[in-house]
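Each remark here refers to the structure printed beneath this line.
The values are calculated or read from the model by the stated rules, or taken from the named source; none is laboratory data. Remember, it's a predicted structure, so these values are computed and weren't measured experimentally. Every residue, glycine as well, gets a Cβ built from its backbone with ideal geometry; the counts of neighbours run over all protein chains shown. Side chains are part of the model used for accessible areas, which takes the heavy atoms of the whole protein and leaves out ligands, DNA and RNA. Shrake-Rupley method; radii C 1.70, N 1.55, O 1.52, S 1.80 Å.
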Amino acid sequence: MSTPSGISLSAEAGHQHSGGGMGHFRARPMLSFSTLNNQNDPTFNQLLGINNHGEIAGYFGSGAQGHPNKGYLLFLSRHRSRYVNENVPGALQTQVTGLNDRGVTVGFWSGQNTASQMNANLGFYSWAGSFHSVAFPTRHNSNPPVNQLLGVNNAGVTVGFYTDAKGNPHGYAYSITRHWFHSVIVPGGVSDTATGINSAGAISGFYTGPGGVTRSRRPDHPADVPRRVSDRGLRNQ
């Protein structure tokens, strides 16, 4: 596997206004930036998740026809960083979007790579070298269906969204150990997407309210995830 590019940029230390009528300021820490392209496709890379061990989830390939998404993990090291391909067996496209500290990765995959890029997709999690597909149990899927997992915590609870028949995304949480689903519902929202979850069970994401305005949102408590849906009879393939 190829190693990361040596390109780096530094952001100068400065001061950032924190708001308030008195004009409070705080120091902004020095930041360092590195380009970490997987050289299997140096024209298109996205890094989407990182854990406490410095392991990063991402993919290369734009998704255009003939240029499919291909997932990978990047293991950072001072001596030699390495890329490891991670793709759902039999899939034409895979994006790895999140990972925890216990070897679980999540994302979504598709068996299609069409010119329109309107490809059916399913969420997945990988655990102990085994891949499992995840789809929120509903009869109101979009056409083509869209299910994506975007984040996972150390308890093995994942979050993501599915798209309904009207094209609106709806967030949900799924436990890979207990196999339950929760709807993530933002009060007053027309649609919402759950993008991340921490070890305390707090979920982040964004939603669209009346008038089409998109806002970020973090439920104040896991109880804001109100409805549990049993997966009895549901088989993750």
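Only protein heavy atoms count here; under a 1.4 Å probe, Ser34 has an accessible surface of about 70 Å².
Sorting check: for 108-115, 78-85, which peptide has the highest mean count of neighbouring beta carbons within 10 Å, and how do the rest follow?
Values: 108-115: 17.8, 78-85: 12.2.
The peptides rank, most packed first, as 108-115, 78-85.
Cβ-Cβ distance of Asn198 and His53, R₀ of 25 Å, FRET efficiency by 1/(1 + (r/R0)^6): the value works out to about 0.95. The mean accessible area for residues of segment 86-197, using a 1.4 Å probe and ignoring ligands and nucleic acids, is 40 Å² per residue. Taking amide H atoms as placed 1.01 Å from N in the peptide plane, the amide H of Val184 lies under 5 Å from those of Gly171, Tyr172, Ala173, each 5 or more residues away in sequence or on another chain.
Per-atom-type breakdown for segment 65-179 gives carbon and sulfur 50% of the accessible area (1.4 Å probe, protein chains only).
Summarising the label geometry, the points placed 7 Å from Cα in the beta-carbon direction at Arg178 and Gln65 lie 4.6 nm from one another.
Quick one: plug the Kirkwood hydrodynamic radius of segment 88-176 (C-alpha pairs) into Stokes-Einstein at 25 °C, 0.890 mPa s, and report D in µm²/s. Please report the intermediate quantities before stating the final value.
Numbers: Rh = 13.1 Å.
The calculation lands on 187 µm²/s.
For Trp109, neighbours were defined as the other residues whose beta-carbon sits under 13 Å from its Cβ, and their charges (Lys and Arg +1, Asp and Glu -1) total 0.
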